[in-house]
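A short write-up of the structure that comes next.
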Amino acid sequence: MARALMTLLECKVLDMNRTLLLLDTETGSAACAPYETMGWQLVGIVPGHAYRPHGGLGDTTFYYKQLGGAT
């Protein structure tokens, strides 16, 4: 389901004449591997960037994806 949602998002973004997406997720979360298999490129990790749901700060991993053959 996540892959289908991301594909739909990418199509909508291209329909809006946009070609670059940026996202972030908690470092080490289950989301990291699927993003990487869907072609998202690692930008980097920002330590202590976001609050975790049950308290404390967690690191954040940022990814980008270039769409439509843009460079």
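The values are calculated or read from the model by the stated rules, or taken from the named source; none is laboratory data. Please read these numbers as outputs of a predicted model, since none were measured by experiment. Here the Cβ positions follow ideal geometry from the backbone for every residue, glycine too, while neighbour counts run over all protein chains shown. The protein model used for the area step is the full one, side chains on, heavy atoms only, and it has no ligands, DNA or RNA in it. Shrake-Rupley method; radii C 1.70, N 1.55, O 1.52, S 1.80 Å.
To put it simply, the accessible area of the chain at a 1.4 Å probe is 60 percent carbon and sulfur. Per residue, the solvent-accessible area of segment 9-71 (1.4 Å probe, heavy atoms of protein chains only, all protein chains present) comes to 68 Å². For segment 1-41, the Kirkwood estimate of the hydrodynamic radius, built from every pair of different alpha carbons, is 11.1 Å. Just report the Cα centroid separation between segment 1-31 and segment 35-65, whole Å. So the two Cα centres are separated by 14 Å. Taking semi-axes √(5λ) of the Cα gyration tensor in Å as calculated from this structure, the corresponding entry among (i) 36, 9, 7; (ii) 39, 16, 7; (iii) 25, 13, 11 is (iii). Extending 7 Å from Cα along the Cβ direction at Leu21 and again at Arg52 yields two label points whose distance is 2.7 nm.
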